[in-house]
Structures are given as C-alpha cells and as structure tokens.
Amino acid sequence: MISATLIEATSHTALEAAAEKAGNWLVTAKPVIRGMIALFDMDANELSGCDPRTFDAAWPHIEKAANRLHQQIEDIREEAICDHSVSGTSEMTEAEWDAVEEFNDALRRDVVSVAMAIRIVRSEA
C-alpha cells in the first residue's frame, strides 16, 4: 500500500505545482538562449559574404561555442526538473517506486523542452 504522504507528493495537484515551478527554468535560461541565438545570427550575418575558406575555418569554433551554450541550457532545465522531482527511499515498495517514477516522468514531459524554449525566446525577439 502506498503511504498517504507519497500519495499527496505524487498527486495531480502536486504535479501541476512542480511543473509550474520547474517551468520557471526558462527565466533562468533566457540569457543563455539569447546568447546562442545571437551567436547563430552573427554567424549567418557576419560570415555570409566571406570567403568559403574563412567560413569553413570559423564554423567549427562557432559550432563548438553554440554546443556549449546548448548544453548549459539543457543543464538548467535538468536542474529545475531535479529540484522538483520526488525522491524515493530504499524502504519503499514497488508500488511506491512506480508512483515516484510515474510522477517524475510526467514532470519531465510537462516541463518545456529545450527546443521549444529556444523557439519561444526566438519568437520574443
């Protein structure tokens, strides 16, 4: 039988509240997302008319910087999800573990993805 505390912690109301709080990761990530967008926009504008060899030489550096920024965005989202996930204990039953996993999976699905966050920030510009 699942404990009352766990039932409350994994309820639909708790999930909505956790998803809303975890969804605030976008506020923290916006400056990083804007930086990544600016990097790609600068790349497109600054390098569009340059010699192809210059572009080929510059692109790996731009791509590496963009990948680092993208990883930072993913890390911010993941940290927000972890901060609002339900944790289990070794004393939990299989049914309790299932409830925790179901809650955490639903939370992960309910929080805006990195790709969607980038689209949101781009549309705000």
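Structure notes:
- Test: residue in the range 17-24 that is open to solvent by 80 Å² or more (accessible area, probe 1.4 Å), modelled with pLDDT of 80 or more and outside any helix (DSSP H, G or I): yes
- Exactly one residue out of Asp43, Asp83, Asp56, Asp51 is modelled with pLDDT of 90 or more and of a type outside the set (A, V, I, L, M), and it is Asp83.
- Annotation: of all residues in the range 62-82 being in contact (Cβ under 8 Å) with a residue 24 or more places away in the chain and of a type outside the set (A, V, I, L, M, F, W, C), the one that is nearest to Leu26 (Cα to Cα) is Arg77.
- Only one entry in Glu8, Glu63, Glu74, Glu78 is at pLDDT below 80 and acidic (Asp, Glu), namely Glu8.
The values are calculated or read from the model by the stated rules, or taken from the named source; none is laboratory data. Quick caveat, the model's predicted, so the values are computed rather than measured. Note that we place each Cβ from the backbone using ideal geometry, even for glycine, and neighbour counts take in every protein chain shown. Calculation scope for accessible area: heavy atoms of the full protein, side chains included, ligands and nucleic acids excluded. Shrake-Rupley method; radii C 1.70, N 1.55, O 1.52, S 1.80 Å.
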